[in-house]
Amino acid sequence: ILNVEQSPQSLHVQEGDSTNFTCSFPSSNFYALHWYRWETAKSPEALFVMTLNGDEKKKGRISATLNTKEGYSYLYIKGSQPEDSATYLCASTNQAGTALIFGKGTTLSVSS
Amino acid sequence: DAGITQSPRHKVTETGTPVTLRCHQTENHRYMYWYRQDPGHGLRLIHYSYGVKDTDKGEVSDGYSVSRSKTEDFLLTLESATSSQTSVYFCAIKARGNDYGYTFGSGTRLTVV
């Protein structure tokens with residue numbers, strides 16, 4: 001079973017702070033790395049899908065990087081806002097490339 | 001979410017009874033997945049399908065079976081429900097290709113008493 005690890009497990013920041021999370025995954029048989037945003041009482045929503053080593057993606061104040069050779073990805077949030085409060089999930093494809101295996105997530109809480 | 005619906009949204013059932021959860025999509029996507037969400041475990045893959053009648057097991061498949069007789073429907077069956085299967089179940093769909101993310105349904109909250 002492929003292990004996808006995320007850290008930290010939870011994080012509390014003040015409005016305006018910038019923050020980042022880490023996702024690590026096995027680098028062998030890599031197909032894709034996904035980031036999802038999951039708000040309480042809602043369903044996970046896709047943020048980024050990255051497939052190439054060195055990929056960098058950005059959506060507003062949120063960005064992500066990918067290193068497939070060493071097996072890690074970073075998610076950055078610049079100038080955190082209360083509406084950024086959510087659980088951020090990282091997922092990598094299984095060995096066959098047919099399904100995603102998720103990490104346990106990083107829960108971000110932003111205080112105003 | 002648009003294009004994917006799960007039913008029922010909530011269900012309470014007794015231990016030992018069979019339960020079937022339905023995932024329906026209107027996107028004509030090839031790939032469909034069932035995950036369960038539990039505190040401390042995140043999302044864990046139960047079963048998935050890569051086409052009509054083509055399914056495979058995930059990391060927590062024991063006690064579950066699936067069927068996909070047509071593209072739009074993916075059914076998850078608990079043959080004999082146990083309390084350990086109390087969970088929130090999410091269905092997801094994906095278009096073919098590595099560049100696409102998953103679209104998740106709204107979830108089914110199942111309680112086995």
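Let me confirm one metric for peptide A:42-51, namely the mean number of other chain beta-carbon atoms within 10 Å of its residues' beta-carbons.
Details: counts 4, 12, 10, 5, 7, 1, 1, 7, 2, 3.
Across the residues of A:42-51, the mean count of other-chain Cβ atoms within 10 Å is 5.
Which of the residue pairs A:LYS104/B:LYS94; B:LYS11/B:LYS94; B:LYS53/B:LYS94; A:LYS42/A:LYS104; A:LYS58/B:LYS94; A:LYS104/B:LYS70 have a Cα-Cα distance greater than 23 Å in the structure shown? Intermediate results must be reported in sequence, preceding the final value.
Numbers: A:LYS104/B:LYS94 21 Å; B:LYS11/B:LYS94 26 Å; B:LYS53/B:LYS94 17 Å; A:LYS42/A:LYS104 17 Å; A:LYS58/B:LYS94 21 Å; A:LYS104/B:LYS70 32 Å.
Flagged as over cut-off: B:LYS11/B:LYS94; A:LYS104/B:LYS70.
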Correct semi-axes for chain A, from √(5λ) of the alpha-carbon gyration tensor and rounded to whole Å with the largest first, are 24, 14, 12
Summing +1 per Lys or Arg and -1 per Asp or Glu among the other residues with Cβ less than 9 Å from B:LEU45's Cβ gives +2
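Which value does Rg/Rh take for region A:7-48 over its C-alpha atoms, Rh per Kirkwood?
Numbers: Rg = 13.3 Å, Rh = 13.0 Å.
Ratio of gyration radius to Kirkwood radius: 1.03.
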Each residue of B:42-50 has, on average, a number of other protein chain C-beta atoms within 10 Å of its C-beta equal to 5
Ordering B:ARG68, B:ARG22 by the accessible surface of their heavy atoms, 1.4 Å probe, largest first, yields B:ARG22, B:ARG68
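At 1.4 Å probe radius, can you tell me the per residue accessible area of chain A in Å²?
On the way: 5340 Å² over 112 residues.
I get 48 Å² per residue for this part.
What's the local net charge at A:ALA86, with K and R +1, D and E -1, over the other residues with C-beta under 10 Å away? Kindly include the intermediate steps, with their values, before the conclusion.
Details: positive: A:ARG37, A:LYS42; negative: A:GLU39, A:GLU45, A:GLU83, A:ASP84.
Summing Lys and Arg as +1 and Asp and Glu as -1 gives -2.
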Within the set B:SER65, B:SER83, B:SER49, GNM on chain B using Cα springs under 10 Å gives the largest fluctuation to B:SER83
Using alpha carbon centers only, region A:49-98 is separated from region B:1-54 by a whole-angstrom value of 25 Å
In short, region B:68-113 residues buried by 50 Å² or more of accessible area relative to the isolated chain (1.4 Å probe) are B:ASN98, B:TYR102, B:PHE104
Log entry, pair A-B: total buried accessible area, probe 1.4 Å, protein chains only, in Å² rounded to 100, is 1600 Å²
In the protein assembly as shown the DSSP beta bridges are antiparallel at a rate, in percent to nearest 5, of 90 percent
Rounded to two decimals, the Debye log10 I(q)/I(0) of the protein assembly as shown (Cα scatterers, no solvent) at q = 0.09 Å⁻¹ is -0.36
With the convex hull built on the alpha-carbon atoms of region B:16-113, volume per residue in Å³ sits at 95 Å³
For the protein assembly as shown, the accessible surface attributable to carbon and sulfur atoms (probe 1.4 angstrom, ligands and nucleic acids excluded) amounts in percent to 45 percent
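Per residue of B:51-60, what is the mean number of Cβ atoms on other protein chains within 10 angstrom of that residue's Cβ?
Counting other chains' Cβ atoms within 10 Å and averaging over B:51-60 gives 2.
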Sequence order, region A:76-93: Karplus ³J(HN,Hα) from phi using 6.51 cos²θ - 1.76 cosθ + 1.60, θ = phi - 60°, Hz rounded, Gly and Pro as x, gives 10, 10, 9, x, 3, 10, x, 6, 7, 4, 4, 9, 9, 9, 10, 8, 10, 6
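The values are calculated or read from the model by the stated rules, or taken from the named source; none is laboratory data. Since the structure is predicted, the reported quantities are computational estimates derived from the model, not experimental observations. When we count neighbours, we look across all protein chains shown, and the Cβ atoms used for this are built from the backbone with ideal geometry, even at glycine. These area figures cover heavy atoms from the full protein model, side chains too; ligands, DNA and RNA do not enter into them. Shrake-Rupley method; radii C 1.70, N 1.55, O 1.52, S 1.80 Å.
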